[in-house]
1. Check which residues have an amide H placed less than 5 Å from GLN23's amide H, if you skip close sequence neighbours.
2. If you take the beta carbon distance between TYR288 and LEU29 as r and set R0 to 56 Å, what does 1/(1 + (r/R0)^6) give as a FRET efficiency, to the nearest 0.05?
3. Ranked by Cβ crowding within 10 angstrom, fewest neighbours first, how are ILE379, ILE111, ILE90, ILE185 ordered?
4. Can you work out ³J(HN,Hα) from phi for every residue in the stretch 216-221, in order, using Karplus 6.51 cos²θ - 1.76 cosθ + 1.60 and θ = phi - 60°, giving whole Hz and x for Gly and Pro?
5. Which ordering of LEU43, LEU29, LEU85, LEU196 is given by a fewest-first count of other beta-carbon atoms within 10 Å?
6. Taking LYS320 as the anchor, which lysines have their alpha carbon closer than 19 Å to its alpha carbon, excluding any fewer than eight residues away along the same chain?
7. Work out from phi, with θ = phi - 60° and the Karplus expression 6.51 cos²θ - 1.76 cosθ + 1.60, the ³J(HN,Hα) of each residue of the stretch 337-351, listed in order in whole Hz, and give x for Gly and Pro.
8. If R₀ is 41 angstrom, what is the calculated FRET efficiency for the pair MET132 and ARG350, using the beta carbon separation as r and rounding to 0.05?
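Read-outs: derived from the displayed coordinates by stated rules, not from any lab. Note that the structure is a prediction, hence the values are computed from the model and not measured. Here the Cβ positions follow ideal geometry from the backbone for every residue, glycine too, while neighbour counts run over all protein chains shown.
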Amino acid sequence: MPKYKLLFGLIILFVVSCKPKEQVFPDSLIIENITTIDAKNGLKEHQTLIIKEGKIQKIASSKDLKLSKKNTIIDGSGKYLIPGLWDAHIHFAYMEELAPSMFGLFLAYGITSIRDTGGQISYVKKFKEASMSNPTTVPRVMIAGPLLDGMPNVYDGSAPSRPHLSTGSATVDDIVKQVNQLDSIGVDLLKAYEMLTPEQFSKIIELAREKGMKVTGHVPLSMDVISASNAGLNSMEHMRNLELSCASNAEELLNNRKQLLISGKNDPGGILRSRIHAAQRFNAVDNYDDEKANEVLKVLAKNETWQIPTLALYRSTRLKENFTHLPDSIRIKWENGLQAMENQEPSPDRTKYTNWMLKMTGKIHQYEIAIMAGTDTPIGYLTPGLSLHEELSQLVEAGLSPLEALKTATLNPAIILILKLSLVGSVKIPGQI
Ligand SMILES: [Zn+2]
């Protein structure tokens, strides 16, 4: 045999033996050629995912994986895959007629984990139990139980806009009882509220630390943000009362608040709180002091006091078409409510405040204070699920990159809520961080 023929034969053999073998993945679902995006790895095009028993078993570049036609393959070309999203601030108990539809709405918009930040424990517990018994068909649910408030408490059920979401404690001993009871029932976190005294607030944090729980909340009106953060508050919802501590007249405002709390102690909590906000919020925004804000944000960064700005709640682009997927009775009610609102121009003060919130969110981000995306749905005509996407776009408007915004609804909640990072937050196989 001529030498060249032998060489030719060997080359053919080599090429055949190097050709990747067509692989079969039994009982698996395969998505081929998809673009994955997560906050850890960024954007990766042409990925193939092998999914078995509901979990990702393998991720590879599509060109490196030769698949047999025997597999069940979905073509992911032109499509994107992101980790399940979190809404870190929702209330099942705010609108009980909508609550049964909320799981479905969250899933329809890609929200696979939610944190209920206030509702009576007997009510919200049912949603957590449903989630735990159906982990593959119901979003993951974490609950705070009721808002832990002082007296007079704000959400006391005395008006339709203030349903009974809180418990009002008159003393530090009452707070101890409340926290112990919630701990025995099995809440995931605690939520401190605005009418607490500094002593009650510190007790909540002390007990939570002993029990290994995080405390989120509104900074009590009796305190400033620096003391609340130094006391150990883990995260702040809506940046609530931050403006009061970033004003050049912050000390004067705090002293006035303390007076107003005393003089209004026999009024309903919701009315007293509104009176104090009306007297101070816009005044504080008018007296915003950048140096003062820098001082406050340095403390928040040092203490790692995370922020859940809920921008969409205040700057909502409320649109009737957003209500399409709501149950009819609620859709009609919301459309009518919106109609009434459309006739009122937002006050210049309110516009100033919402612009302040957007600017402050950008500044918080520059200070590298971690943010979680949350909405407060269904408060403020925010459709469950859809509103989280609105929140993400507003975070981008505030100065986060799209990938950083995605992080606030994926990796960040997974980190702060101490879940197993090997299972949530990014696109990966179980076990990877
Ligand atoms: Zn809320």
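1. LYS66, LEU67, SER68
2. 0.60
3. Listing ILE379, ILE111, ILE90, ILE185 from fewest to most nearby Cβ atoms yields ILE185, ILE379, ILE111, ILE90.
4. 10, x, 9, 5, x, 5
5. LEU43, LEU29, LEU85, LEU196
6. Within the straight-line cut-off, LYS320 pairs with LYS333.
7. With the stated coefficients, the stretch 337-351 comes to x, 5, 4, 5, 5, 4, 7, 9, 6, x, 5, x, 4, 5, 4 Hz.
8. Computed FRET efficiency for MET132 and ARG350: 0.50.
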